[in-house]
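Engineer: If you scroll down you'll find the structure; I have some questions about it.
No lab work stands behind these numbers, since they all come straight from the coordinates. Worth saying up front: this structure is predicted, and the values here are computed from it rather than measured. For neighbour counting, all protein chains shown are included, and Cβ atoms are generated from backbone atoms with ideal geometry for every residue, glycine included.
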Amino acid sequence: MIVKPLESGEERLACLEIAKALPEWFNKVGLKSMERDLEKEKTFIAVEGDEVLGFATLKPLNDKALEILWTAVKRELRGKGIGTEMLRFVERWAREGGFEVLVVKTSGDLSYKPYDETRRFYEKNGFVRIALIDPYPEWGEEALIYVRCLHKG
Ligand SMILES: CC(C)(COP(=O)(O)OP(=O)(O)OC[C@H]1O[C@@H](n2cnc3c(N)ncnc32)[C@H](O)[C@@H]1OP(=O)(O)O)[C@@H](O)C(=O)NCCC(=O)NCCS
């Protein structure tokens, strides 16, 4: 498996297919914004041969903070380290680009079980909860904000 920048329309469609197969995490509205972001923002994909296994879409909030807008791994391949490997790649890329923190906004509905795994994933990878915003204006629902400092390895 390698991680590389998303380059083709075919790869973009493969990313959307991955997300569509994860309806517990991505609803119609989310998928619409994702489609726009996949065209506009920087995305890295994990690939094995021709198969796209996962992706991470990034957007600078300013010159020091980089937000992970979207990330997902093919449903049947989750829990095998692919998400972590993409994150390591993103962290290196972000450091080299002069960013100092990574930011992720995720569901703040702590009673919604699918996001327990997502929160575990970020926390295991060194992300720290800094705020629960309820409601987050752009979403109309709770958002949990995580940051990860990029200083040192
Ligand atoms: C979150 C996600 C990108 C992580 O990628 P991944 O390749 O599954 O994660 P990894 O294998 O690298 O890391 C595993 C860790 O993540 C967590 N985890 C998340 N989903 C898991 C699953 N289905 N099975 C096992 N562990 C899972 C656990 O903390 C696990 O650590 P552990 O094995 O020590 O318990 C992926 O599971 C996914 O696509 N989730 C659905 C969409 C989503 O939540 N996206 C983020 C929205 S903000």
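Engineer: Using DSSP, restrict attention to beta bridges with both residues in the chain and report what percent are antiparallel, rounded to the nearest 5. Write out the running numbers ahead of the final one.
Structural biologist: Numbers: 31 of 35 bridges.
Taking every DSSP beta bridge within the chain, about 90 percent pair in antiparallel fashion.
Engineer: Express in nm, to one decimal, how much length is gained between K40 and E7 on full extension, taking 0.36 nm for each residue of separation and deducting their alpha carbon distance. Mind dumping the intermediate values first?
Structural biologist: Details: separation 33, 0.36 × 33 = 11.88 nm, distance 1.17 nm.
Computed gain between K40 and E7 is 10.7 nm.
Engineer: Next question. Treating cross-link reach as a plain straight distance, find the lysines whose alpha-carbon is under 30 Å from the alpha-carbon of K80, omitting any fewer than eight places away in the same chain.
Structural biologist: Hits, sequence-local ones excluded: K4, K20, K28, K32, K40, K42, K59, K105, K113, K124, K152.
Engineer: For the stretch 42-71 and the stretch 73-136, compute the distance between their C-alpha centroids and round to whole Å.
Structural biologist: Centre-to-centre (Cα) distance: 12 Å.
Engineer: Relative to the Cα centre, what is the charge dipole magnitude of the chain, using +1 at the beta carbon of each Lys and Arg, -1 at the beta carbon of each Asp and Glu, and rounding to the nearest 20 debye? All intermediate terms of the calculation are to be shown ahead of the outcome.
Structural biologist: Numbers: 25 positive and 27 negative charges, 82 e Å.
Computed charge dipole of the chain: roughly 400 debye.
Engineer: Here is a further query. Once you have a ≥ b ≥ c as the square roots of the Cα gyration tensor eigenvalues for the stretch 1-131, tell me rounded if a/c is under 1.5, and otherwise prolate or oblate according to whether a/b is larger than b/c.
Structural biologist: Numbers: a/c = 1.32, a/b = 1.05, b/c = 1.26.
Rounded, since a/c falls under 1.5.
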